[in-house]
Amino acid sequence: MRGKRTVRNVHQRIVEAPAETVGALLDRLSAPDDPLFPTPVWPAMVLDRPLSVGADGGHGPVRYHVAAYEPGRSVRFDTDDDLGVGFHRLDVEPLGPDRCRISHVLDVTMPLRAFVLFKLLIEPVHDTMVEEIFDNAERAALGSLPHPPVRRSRRAMLAHRMRWVRPTAVPVPEGAHLLREAFERPDFTDAWRLPLAPGMPRDPRAWRHVLPFAERGAQGPELMLGEDAFHLDFRGSLVVDDESVTLATAVRLHNTYGRAYFAVVRRIHPYAVRRMLRRAHRRIALATPPAGERNGKIRTVL
């Protein structure tokens, strides 16, 4: 394919709050208590330093650097990669003592292939994320959202499901003390890990529905689930820290039937536990209170 296309995508919203209040929220973009970026449903904005000119980073696969920044008023992120050359810009404009306009402009020139991908898959996600940023601005500035939240389109949620992070194989974590003590010599162990985004719960009990088994104990960051049967015993351990959630499993076989049964189950076990962990991870992210609700009252704006 040859040729290029320019995308100019503009979103605006009137907020019934002073520009100084909304601008102070803008200044916290990428901070640990960022009240605007719609995490954990969408990837967090991560920069290599506090928001300032020259800071590099992005969200998910989108990479950029801060090219211009006027505290409390405007920030521009420039991008130059395979997806295109251009900028994202967020502005807060006063409209009176207790009213302002928040706007987002995307202006990027793309190769034709990237343009088609943007229109089919990326734009619905982009539009949803920007409107959720605006929702968070209103939640944080006003204390509540004065209208229903933005409705996520089917295409946006399809992309969300397709691109949701997938578990990676890891060793059984050191923190899985209950699992290590459950069986002296397990016949099988494995572990799968997913990163935790801002706002996702760090309490292992919030993750107990990953597996449909009874609780077998809890200790610190670990919750153990399991079931015993005549042919095998199974234990699943959820270990949650500040960065990740890990699902580790252990199996003890009792007899010939158990060995024959698990020889078959072992082939589908990794797929099954990865699917259960990923599904629970996404469900919890979607149910987490939005950033404007979680972080909007951390700093009082006078």
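At-a-glance table
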item	result
In segment 103-159, residue nearest to residue 18 (Cα to Cα) [restricted to those that are of a type in the set (D, E, K, R) and part of a loop (DSSP other than H, G, I, E, B)]	151
Index of the failed condition, residue 90 passing every other in (1) touching a helix residue (DSSP H, G or I) at 6+ places or on another chain (Cβ under 7 Å); (2) crowded, with 20+ Cβ neighbours inside 10 Å; (3) closer than 30 Å to residue 166 by Cβ	(3)
All positions within segment 80-102 that are under 25 Å from the mean Cα position of the chain (by Cα) and part of a loop (DSSP other than H, G, I, E, B)	82, 83
Subset of segment 160-199 that is aliphatic (A, V, I, L, M) and in a loop (DSSP other than H, G, I, E, B) - its residue that is farthest from residue 126 (Cα to Cα)	176
Selection count, segment 260-300, where residues are part of a helix (DSSP H, G or I), without any contact (Cβ under 8 Å) to a residue 60 or more places away in the chain and either under 30 Å from residue 25 (Cα atoms) or of a type outside the set (Val, Ile, Thr) (or both)	10
Residues of segment 10-31 satisfying the condition of being closer than 22 Å to residue 147 by Cα, among the small types (Gly, Ala, Ser) and part of a loop (DSSP other than H, G, I, E, B)	17
Lone qualifier among 197, 206, 250 - being out of contact with any Pro (no Cβ under 6 Å at 6 or more places or on another chain), of a type in the set (Gly, Ala, Ser) and not assigned by TED's automatic domain parsing to the domain that holds residue 134	206
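The values are calculated or read from the model by the stated rules, or taken from the named source; none is laboratory data. Here the structure is a predicted model, which is why all the values come from computation and not from measurement. Neighbour counts run over all protein chains shown; Cβ positions are idealised from the backbone, glycine included.
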